[in-house]
1. Projecting each Cα onto the charge dipole of the chain (Lys/Arg +1, Asp/Glu -1 at the beta carbon, about the Cα centre), which of SER49, TYR251, SER157 comes out farthest on the positive side?
2. Which percent of the accessible area of the stretch 38-107 is formed by carbon and sulfur heavy atoms (probe 1.4 angstrom)?
3. What pairs in LYS31/LYS259; LYS198/LYS259; LYS61/LYS259; LYS39/LYS259; LYS9/LYS370; LYS198/LYS237 have C-alpha atoms more than 18 Å from each other?
4. Which of ILE140, ILE15, ILE364 ends up with the largest GNM mean-square fluctuation for the chain, with Cα atoms connected below 10 Å?
5. Please check: in the Gaussian network model of the chain (C-alpha springs, under 10 Å), which one of ALA239, ALA273, ALA65 has the largest mean-square fluctuation.
6. On full extension of the chain, what length is gained from ARG217 through ARG276, given 0.36 nm per residue of separation minus the C-alpha to C-alpha distance?
7. For the stretch 225-299, which trypsin sites (Lys or Arg not before Pro) are both in a DSSP coil and crowded by at most 12 other Cβ atoms within 10 Å?
8. Taking a ≥ b ≥ c as the square roots of the Cα gyration tensor eigenvalues, with a/c under 1.5 meaning rounded and otherwise prolate when a/b beats b/c, else oblate, which class fits the stretch 278-389?
Amino acid sequence: MIERPHYLKAIQPFIGQDVIKVLTGMRRSGKSTILNAVKQQLEHSGVPSQNVISMDFESLKWEDAASGYQSLYREVMHQAEGVSGKVYLFFDEIQEVPSWERAIDSFRVDLDCDIYLTGSNSKLLSSELASLLTGRYVTIEVMPFSFDETIAATEGSPQEALPLYLTLGGLPFLSHISYAREASLSYLRDVYNSILLKDIVARRGFRNVEQLQRVLRYFVSEIGTTYSVDNIVNTLKQAGQSVSRDSVYSYLDAASDAKLLSRVKRYDVKGKAILRGEEKVYLTDVGIREALLGSNEARIDLVLENVVFCELARRGYSVYVGRNGSREIDFVAERGSERVYVQVAYLLASEKTVEREFGAFEGIPDNFSKYVVTLDPINRSQNGIRHLHLTDFLLAEEW
């Protein structure tokens, strides 16, 4: 098992505290494994096994408990009966239980407990927790393997792991099937269908599933490009498929809530303001794109950009698409008082490309770090702007 110390470190300060720990993220990104690691840590620290109550609501074992908040409450109170000391409650995919937040709130009153939740719909979790437990929970977003974790999983070199990472992505289960291409693509398609049906269709009640799929495939295909809802509507109309602007926005919101993709707003570097419109979309895992379209290598420029976005988000940065006058900066990333500017390109194959990528930073009125990230083997850093190979950028301890 690949240890994921980044997430355990984030959880550690809250273990045993009266704060509900909520792990969100796309399906199969490793939330359950992290919960198991926390349980192992408790066991090693001397917590008796009877003090740990764990339920995975995607298992039929807990079908009765998952039928409603009252059933969940009764089952937990039954298991906790006679247990002395603090009880540790672990609930995996809690959104499967109707009105689950009512049971969680009651456990905090009726038990000396420490609560851990996972869920695949961030909006569902946050809105329902916020209604009852303002200030009493912390959310930790779990993402698929980083490049560093993928190297560990493949037990190879960065050069060997990179092609796999750019095509098959970072879902942890792929390491168990040794990244075999056909098996991996089949698994990725199954994950996508589960997200589509369980986290999007079932949660939102969409009836036209075929239309939903066509819209999502458009966004999957066009990651990293500025989208226009009107253009999407017109494109589908030309293909003989009618869809409203409201439907496109609803589909996009639902896919974002399910953590399938992220919407990134545009930031005016000189005006220091968030701009309306001109958003981009990035996938949580680029392997989904390869599984659905089989074209990551053909659009390697978009895939590289998506991978860089995920690494910035994984490290806790708020990420924007930058505008610097008439020039575009791929990413402006902020974390507290830190800021990083990043340009991403496949190769610096001509002087025109060099001027475009490095020139994007011209006239920016601050001294924060600026990077051009490519697959070039030769370092072309200049004028205080660092040029890094993608592997070096992804594996850097800090920027």
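The values are calculated or read from the model by the stated rules, or taken from the named source; none is laboratory data. Note that this is a predicted model, so its numbers are computed, not measured. Cβ: placed from backbone, ideal geometry, glycine included. Neighbour counts: every protein chain shown. For the accessible areas, the whole protein counts, side chains as well, though only heavy atoms, and no ligand, DNA or RNA atoms are used. Shrake-Rupley method; radii C 1.70, N 1.55, O 1.52, S 1.80 Å.
1. Checked the options; the winner is TYR251.
2. Percent of accessible area from carbon and sulfur atoms in the stretch 38-107: 43.
3. Over 18 Å apart, Cα to Cα: LYS61/LYS259; LYS39/LYS259; LYS9/LYS370; LYS198/LYS237.
4. ILE364
5. Among ALA239, ALA273, ALA65, the largest mean-square fluctuation in the Gaussian network model of the chain belongs to ALA239.
6. 18.8 nm
7. Counting only loop positions with at most 12 other Cβ atoms within 10 Å, the trypsin sites (Lys or Arg not before Pro) in the stretch 225-299 are LYS270, LYS272.
8. Since a/c reaches 1.5 but b/c is at least a/b, the shape of the stretch 278-389 is classed as oblate.
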